[in-house]
1. List the residues of the stretch A:28-46 for which accessible area in the full set of protein chains is at least 10 Å² lower than for the chain on its own; 1.4 Å probe, protein heavy atoms only.
2. Count neighbours as other Cβ atoms within 10 Å of each site's Cβ, and list the trypsin sites (Lys or Arg not before Pro) in the stretch A:1-63 that are DSSP loop with at most 15 such neighbours.
3. Work out the charge dipole of chain B with +1 on the Cβ of Lys and Arg and -1 on the Cβ of Asp and Glu about the Cα centre, then indicate which of B:75, B:23, B:43 is farthest towards its positive end.
4. Over the stretch A:1-41, what is the relative contact order in whole percent, taking alpha-carbon pairs under 8 Å and six or more residues apart?
5. How many Å² of accessible surface get buried when A and B come together, counting both sides, probe radius 1.4 Å, rounded to the nearest 100?
6. List for the stretch B:13-49: residues with 50 Å² or greater reduction in accessible area, all protein chains versus chain alone, probe 1.4 Å?
7. In straight Cα distance, which aspartates and glutamates are under 20 Å from residue A:14, not counting same-chain residues fewer than 8 positions off?
8. Considering only the other residues whose Cβ falls under 11 Å of the Cβ of residue B:35, what net charge follows from Lys and Arg at +1 and Asp and Glu at -1?
Amino acid sequence: GALVYQYPRRTICKSGTSMRMECQAVGFQATSVAWYRQSPQKTFELIALSTVNSAIKYEQNFTQEKFPISHPNLSFSSMTVLNAYLEDRGLYLCGARRDIANTEVFFGKGTRLTVV
Amino acid sequence: GEQVEQRPPHLSVREGDSAIIICTYTDSATAYFSWYKQEAGAGLQLLMSVLSNVDRKEEQGLTVLLNKKDKRLSLNLTAAHPGDSAVYFCAVRQGGRALIFGTGTTVSVSP
């Protein structure tokens, strides 16, 4: 079956430091990977959509300078939260799809970031 | 860009009752519609998805209705039980774009 693994599952970082999180697709080729953030008591905000061999598209309020993403192949993506502050805390999810057609998105269990 | 509104934000029902959650979206090109469940401290569980050529889908006590004219998507939990207590999100997408989530509905089912 198709699975998405995210690690670490939980992490704590000091304010002003950076944190890298990873997303691994197993059992399928992840042509596109979307990264989301769920802040406490909020919905899932789309950070960016990364499609292999295309430019990464960031949503308003999120920038490459703050959330650089790497998507080097069809099974792996990573995102770093640079210079993390309190407002960056939350659950970061990656959702991967096989292709750009209307197919299911497979989500990992997320990386929960706490900033102290 | 796409805007997705979801209501109600909170819903309390008794065991055995029905619960209905509604999402409205703005972009008529939206073609993929889904509902997710998030239990406390957990990630997302896909409940059901439909494409734009489907008006109604029923599975395991859940009914999804899609009204493309009104750009409205609903989820009906029939005969709710305490295990259905969770936060529910609709999520929609156009073609090659990423899913856009609704604002979430916290459902509490009491015995």
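The values are calculated or read from the model by the stated rules, or taken from the named source; none is laboratory data. As the structure is a computational prediction, the values presented were derived from the model and not from experiment. Cβ sites come from the backbone with ideal geometry, for glycine too, and all protein chains shown count toward neighbours. Note: accessible area is taken over every heavy atom of the protein model, side chains too, but ligands, DNA and RNA are not part of it. Shrake-Rupley method; radii C 1.70, N 1.55, O 1.52, S 1.80 Å.
1. Residues passing the criterion (a loss of at least 10 Å², heavy atoms only) are A:36, A:38, A:43, A:44, A:46.
2. Details: sites: A:9, A:10, A:14, A:20, A:37, A:42, A:57; in loops: A:9, A:14, A:42.
Here the trypsin sites (Lys or Arg not before Pro) that fit, given the DSSP loop and packing criteria, are A:9, A:14, A:42.
3. Of the options given, the answer is B:23.
4. Numbers: 27 pairs, mean separation 19.3, N = 41.
Relative contact order for the stretch A:1-41 comes out at 47 percent.
5. Details: alone 6590 and 6050 Å², together 11080 Å².
Heavy-atom accessible area buried at this interface is about 1500 Å².
6. Correct list: B:44.
7. A:22, A:65, A:87, A:88
8. Working: positive: B:37, B:57; negative: B:59.
Value of the local net charge: +1.
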